[in-house]
Amino acid sequence: MSTDDRPPTVRQLRLVVEAEDYEAAVAFFRDALGLPEQAAFSGDGDARVVILDAGRATLEIANPAQKRMIDEVEVGRQVAPRIRVAFEVDDASEVTDRLVAAGATEIAPPTVTPWHSLNARLDAPAGLQLTVFQELRDLADRATLDGFGTDRES
């Protein structure tokens with residue numbers, strides 16, 4: 001059986017973030033960014049968690065050179081921590097403005113990237129650095145361009 005024929009063993013990617021200011025983080029990600037609340041739980045000692053639906057999840061693994069290149073393209077300098085969260089949105093400019101109004105700090109405004117997306121970089125509640133991005137070309141179209149493809153062996 002090839003790897004393409006195997007059923008997926010992972011059903012969901014869940015990024016767990018500790019937020020000192022829980023209320024501010026929930027208001028930002030749920031209300032300002034618009035991630036629908038899937039579930040919420042509370043427990044002893046004021047323990048609280050909310051699970052927000054972020055649509056389809058992917059895990060992007062970049063080597064140090066790629067991380068530096070993304071910072072250079074999006075921001076013009078090295079700013080990203082080891083983990084940065086990226087959200088695909090329909091309108092990167094509008095979402096950037098909305099998130100800044102909700103308390104995010106704009107690191108870099110929406111910028112067209114070499115990989116044909118419009119990306120903005122923000123510092124957000126809970127100590128997260130975000131990229132909001134809008135795809136300007138579909139994946140099939142971008143796959144025909146130089147530098148796009150897969151690392152998978154044929």
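The values are calculated or read from the model by the stated rules, or taken from the named source; none is laboratory data. Keep in mind that what you see is a predicted model, and the values were worked out from it rather than measured. Cβ coordinates were reconstructed from backbone atoms using ideal geometry, including for glycine residues, and neighbour counts include every protein chain displayed. The area values use the complete protein model at the heavy-atom level, side chains included, leaving out ligands, DNA and RNA. Shrake-Rupley method; radii C 1.70, N 1.55, O 1.52, S 1.80 Å.
For the range 88-98, state whether one or more residues are open to solvent by less than 70 Å² (accessible area, probe 1.4 Å), at pLDDT 95 or above and assigned to a strand (DSSP E or B).
Checking the range 88-98: not a single residue is open to solvent by less than 70 Å² (accessible area, probe 1.4 Å), at pLDDT 95 or above and assigned to a strand (DSSP E or B).
I'm trying to understand the selection: among the residues of the range 48-60, which are under 15 Å from THR131 (Cα atoms) and not charged (D, E, K, R)? Write out each step before concluding.
As a first pass, look at the range 48-60 and keep what is under 15 Å from THR131 (Cα atoms): 54, 57-60.
Within the range 48-60, ALA54, ALA57, THR58, LEU59 qualify.
For the range 120-133, name all the residues that are more than 14 Å from ALA108 (Cβ to Cβ) and open to solvent by 40 Å² or more (accessible area, probe 1.4 Å). Step through it out loud before you land on a result.
First, pick out the residues of the range 120-133 that are more than 14 Å from ALA108 (Cβ to Cβ): 125-128.
Hit for the range 120-133 is GLY127, nothing else.
Every residue in the range 1-32 that is open to solvent by 70 Å² or more (accessible area, probe 1.4 Å) and touching a residue at least 60 places away in the same chain (Cβ under 8 Å), please. I'd like the intermediate steps shown before the answer.
First, the residues of the range 1-32 that are open to solvent by 70 Å² or more (accessible area, probe 1.4 Å): 1, 3-16, 18, 20-21, 23, 30-31.
Scanning the range 1-32 gives LEU15, GLU18, GLU20, ASP21, ASP31.
Pick from the range 33-78 the residues that are assigned to a helix (DSSP H, G or I) and among the β-branched types (Val, Ile, Thr): which of them is surrounded by the most Cβ atoms within 10 Å (Cβ to Cβ)? Working first, answer last.
Filtering the range 33-78 for residues assigned to a helix (DSSP H, G or I) gives 44-46, 64-74.
Filter once more, keeping what is among the β-branched types (Val, Ile, Thr): 70, 73.
Working: ILE70: 20, VAL73: 15.
Looking at residues that are assigned to a helix (DSSP H, G or I) and among the β-branched types (Val, Ile, Thr), I get ILE70.
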